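Below is one structure, written out as structure tokens; comments come after it.
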Amino acid sequence: MKKFTQYVFCITILLSCKKIGTPELQPINLKISTVYASTELGKKLSLSKVLIKILNVNTNVEKQLITDANGNVSFQGISAGVYDISATITIPAATYSSVTGEIVDKDVIFNASDKNKTIGLTNNELNIKLVSGNIGNWLIKQIYYAGSNTTTGAGYRDQFIEIYNNTDSVMYADSLYFAEIIGRQSYTNTSYYTLPNGQMDWSKSLNMPSNIDANNNYVYPRALFMLPGKGKEHPVLPGASIVIAQTAINHKSPFTGTDGKTITVRDPSLTIDLSGADFEAYYAPFLPRPLTSDIDNPSIPNLNVLAYNGTDMLFDNPGRTAFIIFKRDGTEVKDYPKYNYPTISTPSSTSDKFYQIPNSVIIDAVEIQPNTASDRVPKKLGASLDAGYTFAPNGQYSSQSVIRKTDRTENGRKILKDTNNSTEDFDYFSLANPRGFK
């Protein structure tokens, strides 16, 4: 009798739990409305046929719809959860020029995004603003941040970034800047003032002016570099690249470190040859204890290091970062202001400060995120710079790089895809491939 009673009790509890939990399992309808961030453009440009994509970050299921004439869509019967939401519309150059009176020679792309958004029964209506970004002449083509196996490969030593001339004219890489952007690296660190999306609220930084939009109009690099040259020393042909290596050597082969010891890899197939890089980072002259692997290739020009993090040009290999390239706007970068982290506690006089780079000078930007959804961090770049993100599918130390897709070929010159949305623009190489194409 006692066992029977226990059985009935358990069944009752299970049925009760199922009944109580049922509303949470109900499918919901998600309504999304789009508008142009610019009120003036909103009066002139159509909101019809904006492509809206929603990605359930837990199940990796993606759905997409096209907006109606009013810029609205409704996703019917989706499950509650956490979603990445993006919107994009391409306005042909002729149409844009006709309706706005502004003459452009390229199609204008507008994007919007809302990442890591919790959608539920009481949070199922969103309004998102479409913004246009710069379609660059220089593009970040490939980023090898993951590195290779720490036991059988080269670890982090073989990292590089590749920048591409996406035009039909010779351009000069002299005094081109690139930077790795700082930001909150997890949702659990509570020492900073934060925004609703979880990212740092730079407006709360010590001595930040109150009359600027510190979060939306600027970015803050943890590492900042400038390519050498005074104007026309480093020409880059149309459809050609520059490769910037952490250390410009053949990482497949043994080499002698600065301590006189031989450094080698067990499996050369996991790493790459960077002896043909165009530039390299060399930190030894200004570090008290440089890495023994940071050797100088005398035939490769060194970067000018303006700000750095760590003991070499070490990219965050879990992928919790973003990269930008830019040119000066007549202002010396050293004259840009620097600010502390927006920490809740007052920073000390010796705390690190970071350059404040205006979005207006940025030519291209790429957001990197970890390969698994549970490890992803608050976005560092707004939709005008990068509406999405990219990642190496196998994560850190996988030998994989992220590579920009080829959009088309004209007279033998590859034109790379550039929609200001890295989710759409990038693929990956199973083994990083300097100057390769996808």
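The values are calculated or read from the model by the stated rules, or taken from the named source; none is laboratory data. Every value quoted in this text rests on a predicted model; they were computed, and no experiment measured them. Reconstructed Cβ throughout: ideal geometry from the backbone, glycine too, with neighbour counts over all protein chains shown.
The residues of the stretch 55-73 that are loosely packed, with under 14 Cβ neighbours inside 10 Å and under 19 Å from Asn127 (Cα atoms), listed by number, are Gln64, Ile66, Asp68, Ala69, Asn70. The residues on offer are Ala245, Ala240, and the sole one that is small (Gly, Ala, Ser), in the same structural domain as Thr167 (by TED's automatic domain parsing) and closer than 23 Å to Leu306 by Cα is Ala245. Does Ala240 count as of a type in the set (A, V, I, L, M), buried (at least 21 other Cβ atoms within 10 Å of the Cβ) and closer than 26 Å to Gly436 by Cβ? Against the criterion (of a type in the set (A, V, I, L, M), buried (at least 21 other Cβ atoms within 10 Å of the Cβ) and closer than 26 Å to Gly436 by Cβ), Ala240 does not qualify.
Per-residue answers, yes or no, for (1) farther than 26 Å from Gly382 by Cβ; (2) in the same structural domain as Ser384 (by TED's automatic domain parsing); (3) in a helix (DSSP H, G or I):
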{"site": "Ile32", "(1), (2), (3)": "no, no, no"}
{"site": "Ile52", "(1), (2), (3)": "no, no, no"}
{"site": "Gln64", "(1), (2), (3)": "no, no, no"}
{"site": "Ala69", "(1), (2), (3)": "yes, no, no"}
{"site": "Val73", "(1), (2), (3)": "no, no, no"}
{"site": "Val82", "(1), (2), (3)": "no, no, no"}
{"site": "Ala87", "(1), (2), (3)": "no, no, no"}
{"site": "Ser98", "(1), (2), (3)": "yes, no, yes"}
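Taken together, the criteria place Asn211 among residues that are surrounded by fewer than 17 Cβ atoms within 10 Å (Cβ to Cβ) and of a type outside the set (Ser, Thr, Tyr).
Scanning the stretch 80-108 for residues that are under 28 Å from the mean Cα position of the chain (by Cα) and surrounded by fewer than 19 Cβ atoms within 10 Å (Cβ to Cβ) gives Gly81, Val82, Thr90, Pro92, Ala93, Val104, Asp105, Lys106, Asp107. Candidates Asn127, Asn72, Asn134, Asn123: the one that is out of contact with any Asp or Glu (no Cβ under 9 Å at 6 or more places or on another chain) and touching a residue at least 60 places away in the same chain (Cβ under 8 Å) is Asn127. Screening Tyr339 with (1) over 30 Å from Tyr389 (Cβ atoms); (2) touching a helix residue (DSSP H, G or I) at 6+ places or on another chain (Cβ under 9 Å) gives one miss only, at (1). For the stretch 418-430, does any single residue satisfy the condition of being closer than 14 Å to Gln142 by Cβ, of a type in the set (Ser, Thr, Tyr), in the same structural domain as Phe323 (by TED's automatic domain parsing) and in contact with a helix residue (DSSP H, G or I) (Cβ under 6 Å, 6 or more places away or on another chain)? No; the residues of the stretch 418-430 include none that is closer than 14 Å to Gln142 by Cβ, of a type in the set (Ser, Thr, Tyr), in the same structural domain as Phe323 (by TED's automatic domain parsing) and in contact with a helix residue (DSSP H, G or I) (Cβ under 6 Å, 6 or more places away or on another chain).
Checked against (1) among the hydrophobic types (A, V, I, L, M, F, W, C); (2) touching a Gly at 6+ places or on another chain (Cβ under 9 Å); (3) without any contact (Cβ under 8 Å) to a residue 60 or more places away in the chain, Val361 meets all criteria but (2).
Could you list, in sequence order, the residues of the stretch 317-342 that are free of Cβ contacts under 8 Å to residues at least 40 places away in the same chain and either farther than 21 Å from Asp201 by Cα or of a type outside the set (Ser, Thr, Tyr) (or both)? Asp329, Gly330, Thr331, Glu332, Lys334, Asp335, Pro337, Lys338, listed by residue number.
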